[in-house]
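What follows is one structure encoded as structure tokens, with my remarks underneath.
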Amino acid sequence: MMNNGKKNRLLLLSTVALMATTLSGQAADWKINPSITVSETYTDNVDLDASSQQSDFVTRVTPQVTITGVGPRLNTSLTYAANYFYYPGDANDKHDYRHNLQANLNSELVDEVFFVDAGASINQRFLDRRSAISASEVSRTQNRRTVQTYSFSPYLVHDFGSWATAQLRYRLNHVRQFSDTQQ
């Protein structure tokens, strides 16, 4: 079971803080769309183990929030979903949490000169295609890993009249991968 709530909350707060610092004096159009999804799934092989198949009914509860901001000098979107899985047939580990985050930001900090692009992503992926994989997210497996991707790119732009434009850009990308079973 993944227990990185503090790290994910810190990431979410950092992303919101970055958005807040890039706001210009002109108002952006902000939209906040919360939602919740509840589903029940039956699977005949919940652990994706061909030698010891176990069936289970899996309850999934997913609260989600989408925040978008569009303005003259700011475009941003953030979608966060906290997936909670309940496995009633498992005597040992009945719960699993998986976080999904997609965040993007494009901002013009100095009019037509200085810009910032940023992004963050947290999701789960099957990394070894030779091991068991499934199109269903309710399955439990040791082959699933949480992957975090972060990017930050400030850049300067200069126009040389109508014949050329120069851009000086720095890109910083960071990818983290860890097992859902790590604490």
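Points worth noting:
- Long-range neighbours under 6 Å by Cβ, at least six apart or interchain, first residue open to solvent by less than 100 Å² (accessible area, probe 1.4 Å) within region 27-50, second aromatic (Phe, Trp, Tyr): none
- Output for region 134-160, where each listed residue is surrounded by fewer than 15 Cβ atoms within 10 Å (Cβ to Cβ), under 20 Å from the mean Cα position of the chain (by Cα) and in contact (Cβ under 8 Å) with a residue 40 or more places away in the chain: SER136
- In region 70-84, the residues that are within 17 Å of ALA27 (Cβ to Cβ), under 18 Å from the mean Cα position of the chain (by Cα) and surrounded by 18 or more Cβ atoms within 10 Å (Cβ to Cβ): THR76
- Of the candidates ASN104, ASN123, ASN92, the single residue that is within 27 Å of ALA166 (Cβ to Cβ) and surrounded by fewer than 19 Cβ atoms within 10 Å (Cβ to Cβ) is ASN104.
- Strands (runs of 3 or more DSSP E) contained in region 18-127 and holding at least 1 residues among the small types (Gly, Ala, Ser) and over 26 Å from TYR150 (Cα atoms): 29-43
The values are calculated or read from the model by the stated rules, or taken from the named source; none is laboratory data. As the structure is a prediction and not an experimental result, all values here were calculated from the model. All Cβ positions, even for glycine, are placed from backbone atoms using ideal geometry, and neighbour counts span all protein chains on display. The accessibility values were calculated without ligands, DNA or RNA, using every heavy atom of the protein model including side chains. Shrake-Rupley method; radii C 1.70, N 1.55, O 1.52, S 1.80 Å.
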